[in-house]
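Here the structure comes first, spelled out in structure tokens, and everything after it is commentary.
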Amino acid sequence: MGDFKRIFERNRLWAEKIKEINPEYFSELSKQQTPEFFWIGCSDSRVPANQILDLPPGEVFVHRNIANVVVPSDLNCLSVLQYAVEVLEVKHILVCGHYGCGGVLASIDGEDHGLIDNWLQHIRYVYRLHKDELDAIEDTSARADRLCELNVIEQTRNICNTTIVKNRWKAGKEIAVHGVVYSLKNGILNEMISQKSLTE
Ligand code: CO
């Protein structure tokens, strides 16, 4: 429990450090947010949106879940998406997966994980869509990495197929949807897919 108190100490020191640089920082930021980016990523603690994009608070609107899945019946995800697109009017949506994703690995390890297996069915569905390609990859970790990429591509397509994004494009508004994969080993993002309109 003693260690937990350090959280508040760190928080206080952080707030002080920011105010030293810009005394108005918090009063300015508390008035509004105008982020240009909406990030849908994995909950993995090693894949934090702001740090990876090197952007300060206020610049990225974020939704995270296990294995960055976008399901059209997930009200949580759709509500965040609707707010990002219609109210904040973000210009870019990034669906970010990452190599070595525990959720993706768990979806293909053949073991019982309890409740989360229900969620992981969405990844298994991606596997089925690309079964021939994935089954042909002999190395287990290379196959999992490819599934991480294909998962990002499919989840990005799911975003593009939501009524929220489609209606935006139909209304002639500019918004781009990108599927990217992050490497835990070198910190680099690779773009797998990008869509800017209904026709592409
Ligand atoms: Co993950």
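The numbers here are math on the coordinates, done by the rules we state, and not lab data. Being a predicted model, the structure only gives us computed values, none of them experimental. In this analysis, Cβ positions are derived from the backbone assuming ideal geometry, glycine residues included, and neighbour counts consider all displayed protein chains.
For the reader, a short list of remarks on this structure follows.
- Beta-bridge orientation, the chain: approximately 25 percent antiparallel, per DSSP, counting only bridges with both partners inside.
- Cα-Cα over 20 Å, subset of Lys131/Lys166; Lys91/Lys170; Lys131/Lys185: Lys131/Lys166; Lys131/Lys185
- When the Gaussian network model of the chain links Cα atoms closer than 10 Å, the mean-square fluctuations of Gly114, Gly58, Gly172 top out at Gly114.
- Bridgeable aspartates and glutamates around Lys19 (alpha carbons under 17 Å apart, same-chain partners fewer than 8 residues away excluded): Glu9, Glu28.
- Debye-sum result for segment 12-85 in log10 I(q)/I(0), which assumes one identical scatterer on each alpha carbon, at q = 0.18, 0.22 Å⁻¹: -0.83, -1.05
- Distant alpha-carbon pairs in segment 33-195 (separation over 25 angstrom), percent: 28 percent
- Cβ-placed point charges (K, R +1; D, E -1), dipole of segment 124-197 about Cα centre in debye, nearest 20: 560 debye
- From least to most packed, judged by other beta carbons within 10 angstrom and beginning with the fewest, Ile153, Ile18, Ile159 follow the order Ile18, Ile153, Ile159.
- Segment 1-37: trypsin sites (Lys or Arg not before Pro) in DSSP coil with no more than 11 other Cβ atoms inside 10 Å: Lys31
- Loop trypsin sites (Lys or Arg not before Pro), segment 83-190 (other Cβ atoms within 10 Å of the site Cβ: 15 or fewer; DSSP): Lys91, Lys173, Lys185
- Mean residue ellipticity, 222 nm, helices only, the chain: the sum of -39500 (n - 2.57) across DSSP H runs of n ≥ 4, divided by residue count and rounded to 500, is -14000 deg cm²/dmol.
- For segment 65-122, the direction-averaged projected area of the alpha-carbon convex hull comes to 4.6 nm².
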